[in-house]
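Notes for the one structure printed next.
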Amino acid sequence: MISFIKVRIKSKKKIRISVIKILIFLLLIIPGLFIYGFGVALVENGRVDNLIDEFKQRAGDTYIEEVVSYGTTTQIRRYYEVSRETSYELSDTRSVFYESDKFFLGQKGDLFVSQDSPFPDVPVIHQFISYYFGGHAAINNGENKFVEATGFPDDDETLLDIILQPGNEPNDYSTKVSLSSTNYWLNPKYRSTSDDAYPYYGTYYRKNFVALRVKDVTSDQIDGAVNYASSKVDLSLYNFTFFLDLKYKYYCTDLVSRAYQDVMVDEKDQSGYSRALNDDRFITSVNDLILSKETYLIIYVEIVDDIVNIYHLKDI
C-alpha cells in the first residue's frame, strides 16, 4: 500500500513537471513567433514600398491631367504612364483600363488589393491587420465588376454561428462571396460622410490601392480563375478563422489566390494553403499577392488632396 502511494506521488510530480515544462515552452515560443512574424512583416512591407516606389519612378513626373464627371461629381485625375519593360509586361498587350476612355480600371482576371484595413477607426486592430495581412483583395470578372469575399455580418448574425457553419450547407448568412454591383475602386461617392471610416478614407473606398496581373497566363487560365471565383458567389461563406485552411470558406486574399491555383497548380497539389500567388505557402496576405513571383504591378493609385493619381502601364 505504501509503495502504491509512493508511485502515485511520483506520477503526480512527473505530471506537474511536464505541465511546467510545457508552460515554459509556450511562454518562450509565443513571443518568439510574434517577434519572427513582426520581422517578416517589416521586411515584406519594406519590399512592397520599394516596389511601388520603383513603379512610380518609371513614370517620372510627366502626367496627363483630366477632369472627369462621375455622376454629379467632378474628379481630377492625373495619369502617369509607366513604360513596359519586362517580357511579361510586353507579352500581355491588353490595356490596364476597362475601355479606351480610361474611366474604369482593370481587365478580366486582374487583382485589386489594398493594404489598409476596413477598420481605420479602431486603433491597434487597424494597424495590426494593415501591417500583417492587408485590407482587401478582389478579382475583376471581365464585366467591370469584382468577385470578392467580405466579412461583415448583419446585426442579427454572430461570428460564432458563422464559424460553426461548415460552409457546404444551405444558409442565409450575409457573409458570402459576392459580386460587386459596380467597379467601385475610383468611385468618389463610395462612402457617405456618416461612415465611421470617412475621416480616414474620405468618400473613396481607399486612398491607396494596387492592381496586379498574373504573369504569363493564357486567356483560358484567366477565364478558369474567374469562373472558379464566380462559382462561389452567394454560396461560400467568409472564413473568419483564416489561420485554418477550410475547403468551403474563403477570406478575400484566399479566394483570389485559390482561384488562380485552380488553373495553375495540379489538382493533387492543391491541399493546404494556396500554392499560387503565395510564395510562403502560409496564410495569403495582401503583401504575398503583391510580392509573389507570379504577379506584377500594373496600376498604383494614390489619392492626395482629392487628386486621383493613377500610375499605370502604358498602352501598347
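Structure notes:
- For the stretch 59-69, 3J(HN,Hα) per residue [Karplus equation, 6.51 cos²θ - 1.76 cosθ + 1.60, θ = phi - 60°, Hz, x = Gly/Pro]: 7, x, 9, 7, 8, 10, 9, 9, 10, 10, 9
- A simple count of charges around residue 145, restricted to other residues whose Cβ falls under 13 Å of its Cβ and scoring Lys, Arg +1 and Asp, Glu -1, yields -2.
- Along the stretch 294-309 the Karplus relation, 6.51 cos²θ - 1.76 cosθ + 1.60 evaluated at θ = phi - 60°, assigns HN-Hα couplings of 9, 10, 8, 6, 10, 8, 10, 10, 9, 9, 10, 6, 6, 9, 8, 9 Hz to successive residues, with x for each Gly and Pro.
- Neighbour net charge for residue 67 - beta-carbon separation under 14 angstrom, K R +1, D E -1: -1
- Relative exposure of 213, 275, 78, judged by other C-beta atoms within 10 Å (fewest first): 78, 275, 213
- Least to most buried among 49, 245 (fewest other Cβ within 10 Å first): 49, 245
- Gain upon complete extension [residue 99, residue 221; 0.36 nm per residue less C-alpha separation]: 41.7 nm
- Look at the alpha carbon pairs under 8 Å that are at least 6 residues apart: their mean separation over the length of the chain gives a relative contact order of 21 percent.
- Cα→Cβ-extended label distance, 7 Å offset, between residue 90 and residue 306, nm: 4.3
- For residue 237, net neighbour charge (Lys/Arg +1, Asp/Glu -1) across residues whose Cβ lies under 9 Å away: +2
- Estimated [θ] at 222 nm from DSSP helical runs (n ≥ 4, -39500 (n - 2.57)) normalised by residues in the chain, nearest 500: -11500 deg cm²/dmol
- Computed extension gain for residue 198 through residue 70, at 0.36 nm per residue and net of the alpha carbon distance, reaches 44.2 nm.
- The slack between residue 127 and residue 143, meaning 0.36 nm per residue of separation minus the straight C-alpha distance, is 2.4 nm.
- Counting lysine pairs in the stretch 61-313 that sit 8 or more residues apart in sequence, or on different chains, and whose Cα atoms lie under 19 Å apart gives 17.
- Across the stretch 175-190, rounded Karplus estimates of 3J(HN,Hα) from the backbone phi angles (6.51 cos²θ - 1.76 cosθ + 1.60, θ = phi - 60°) give 8, 9, 4, 9, 10, 5, 7, 8, 8, 8, 5, 10, 5, x, 10, 5 Hz, Gly and Pro being marked x.
- Here the translational diffusion coefficient of the stretch 61-313 follows from Stokes-Einstein with Rh set to the Kirkwood radius across Cα pairs; for 37 °C and 0.692 mPa s it amounts to 174 µm²/s.
Where a number appears in this text, it was derived from the coordinates with a stated rule and is not lab data. None of these values were measured; they are calculated from a predicted model. A quick note on method: Cβ atoms are made from the backbone with ideal geometry, for glycine too, and the neighbour counts reach across all protein chains shown.
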